[in-house]
Each structure stands twice: as structure tokens, then as C-alpha cells.
1. Determine if the range 63-78 includes at least one residue that is farther than 26 Å from W24 by Cβ, of a type in the set (V, I, T) and in contact with a Ser or Thr (Cβ under 6 Å, 6 or more places away or on another chain).
2. Only one of these conditions is not met by I55: (1) within 16 Å of the chain's Cα centre (by Cα); (2) open to solvent by less than 60 Å² (accessible area, probe 1.4 Å). Which number is it?
3. Mind counting the residues in the range 34-52 that are under 22 Å from the mean Cα position of the chain (by Cα) and open to solvent by 50 Å² or more (accessible area, probe 1.4 Å)?
4. Can you name the number of the only condition in (1) within 17 Å of the chain's Cα centre (by Cα); (2) over 19 Å from R22 (Cβ atoms) that R122 fails?
5. Tally up the residues in the range 114-152 that are closer than 23 Å to A190 by Cα, in contact with a helix residue (DSSP H, G or I) (Cβ under 6 Å, 6 or more places away or on another chain) and crowded, with 17+ Cβ neighbours inside 10 Å, please.
6. Taking the residues in the range 71-100 that are open to solvent by 90 Å² or more (accessible area, probe 1.4 Å) and of a type outside the set (S, T, Y) as candidates, determine which candidate is nearest to F163 (Cα to Cα).
7. Please work out if S52 is modelled with pLDDT of 85 or more, out of contact with any His (no Cβ under 6 Å at 6 or more places or on another chain), of a type in the set (S, T, N, Q) and assigned to a loop (DSSP other than H, G, I, E, B).
Amino acid sequence: IEPVRRDVEHPQQIKKNSASLRLWHWANTIVISGSLITVLINSTVTNVQQTSPLIRNELQKSGVSITDKQARLASHAIIDGVWDVHTYFGYCLAGLLLFRLILEFFQVTDQKFIRKIKSAYRQFNTTKINRQIARHELGVKVIYAIFYGLLAFQVVSGLFLAFEDAMEPFKSIRHSVKSLHGYCMYLILAFIA
């Protein structure tokens with residue numbers, strides 16, 4: 001897939017985003033990748049069914065007597081450690097999303113996201129010239145708007161799960177929020193793909 005790098009309003013010009021937006025993009029790439037890697041580790045390598053017998057067998061080889069329950073507790077401690085790292089990535093993602101929202105107010109006018117999506121829509125509806133570029137630009141901006149919405153949901157639901165002890169009145173919806181948080185991860189993976 002080759003990106004269209006032409007500006008919709010000025011097709012002779014190449015698009016170039018601000019340095020702060022490029023920094024946000026690459027920081028987001030690192031944080032989301034780290035977060036997804038922690039999920040991958042916990043769903044494969046640190047699986048309780050796999051690690052509990054491994055911990056028990058290795059300790060028994062060293063002469064330590066350990067029960068299945070103790071092995072499961074040790075396995076859960078490892079998993080909890082990985083989830084702690086996942087939570088820190090989530091805090092970074094929350095900070096990056098806040099940075100992006102603040103950045104929107106301070107961006108140069110022609111680089112503001114809302115202005116870009118309006119411009120792409122206007123260009124798509126009003127002109128026959130460069131309509132393919134305008135359609136591509138509008139499609140890309142709509143997908144990014146959906147992505148920003150998913151990121152916002154991931155941040156809010158992740159913070160809800162991270163601070164669930166302080167959210168006692170909402171404890172009844174914890175399972176639903178956790179399920180939706182996990183489901184949205186697949187949508188973000190689809191966006192990345």
C-alpha cells in the first residue's frame with residue numbers, strides 16, 4: 001500500500017505533518033506495541049496452565065516441596081507483574097492521548113485534524129478534479145477518527161480497570177468493561193494491519 005502524500009487542497013504540494021505530531025505518532029507506536037506485547041506474553045508464555053507445572057517441576061528438581069496451589073499462586077504473581085507493565089503502558093497511552101487533544105488546539109490551522117476532515121469532505125463533494133485523492137483523504141481521515149475513538153475508549157476503560165478499587169459503585173459492570181476493552185484491542189490490531 002503506497003500512501004497518497006499529496007495535499008487535497010493543494011495537489012501540487014506534498015503533505016508534511018508537524019514535528020510534534022510525528023513525535024506523538026512514533027511514541028504511540030511504541031506504547032501500543034508494548035501494550036500489545038504484554039497481552040501476547042500473558043496469553044501465551046505466562047499462561048497459568050503452562051507455567052504452574054513448570055514452576056512446580058523446577059522447584060522440585062531443586063529439592064523444594066511445593067503444592068499445585070502454591071505453583072498457581074507463583075504463576076499468578078508472574079502474570080500480575082506483566083499486567084503491571086501493561087498498566088504502565090496504559091498510563092503512557094492516556095498521557096499521549098491527552099497530549100494529542102491539547103496538540104489539536106495548538107496545531108497550525110491547516111494541520112488540525114478536524115479541519116483536515118472537513119476539507120477532505122468538502123473537496124470530495126465539490127470537485128470532480130482530484131476526486132480520487134479527496135476520496136482517499138476522506139477515507140483515511142474517517143478511519144483515523146474511528147481509531148481516535150477506539151484509543152479514547154481503551155484509555156477510559158483501561159483507567160476504569162486500573163482504578164477499579166476506587167470505582168466501587170461501578171463494580172457490577174467491571175466484567176463488561178473488561179470484555180469490551182479486550183475486544184477493542186482486536187479492532188486496534190485490525191487498524192494496525
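The values are calculated or read from the model by the stated rules, or taken from the named source; none is laboratory data. For clarity, every value in this text was computed on a predicted model and none was experimentally measured. Note that each Cβ is placed from the backbone with ideal geometry, even for glycine, and that neighbours are counted across all protein chains shown. What goes into the accessible areas is simple: the full protein's heavy atoms, side chains included, and nothing from ligands, DNA or RNA. Shrake-Rupley method; radii C 1.70, N 1.55, O 1.52, S 1.80 Å.
1. Of all residues in the range 63-78, those farther than 26 Å from W24 by Cβ come to 63-78.
Right, trim to of a type in the set (V, I, T) and you get 64, 66-67, 78.
Checking the rest, the ones that are also in contact with a Ser or Thr (Cβ under 6 Å, 6 or more places away or on another chain) come to 78.
Yes.
2. Single failed check for I55: (1).
3. Step one: filter the range 34-52 for residues under 22 Å from the mean Cα position of the chain (by Cα), giving 34-46.
From the residues that got through so far, the ones that are open to solvent by 50 Å² or more (accessible area, probe 1.4 Å) too are 37, 40-41, 43-45.
Residues that pass the stated criteria total 6.
4. (1)
5. Selection size over the range 114-152: 5.
6. In the first step, residues of the range 71-100 are kept if they are open to solvent by 90 Å² or more (accessible area, probe 1.4 Å); the result is 72-73, 83, 88, 98.
Next, from what is left, pick out any that are of a type outside the set (S, T, Y): 72-73, 83, 98.
Details: R72: 25, L73: 23, W83: 14, L98: 18 Å.
Here the answer is W83.
7. Details: modelled with pLDDT of 85 or more: yes; out of contact with any His (no Cβ under 6 Å at 6 or more places or on another chain): yes; of a type in the set (S, T, N, Q): yes; assigned to a loop (DSSP other than H, G, I, E, B): no.
No; evaluated as a whole, the condition is false for this residue.
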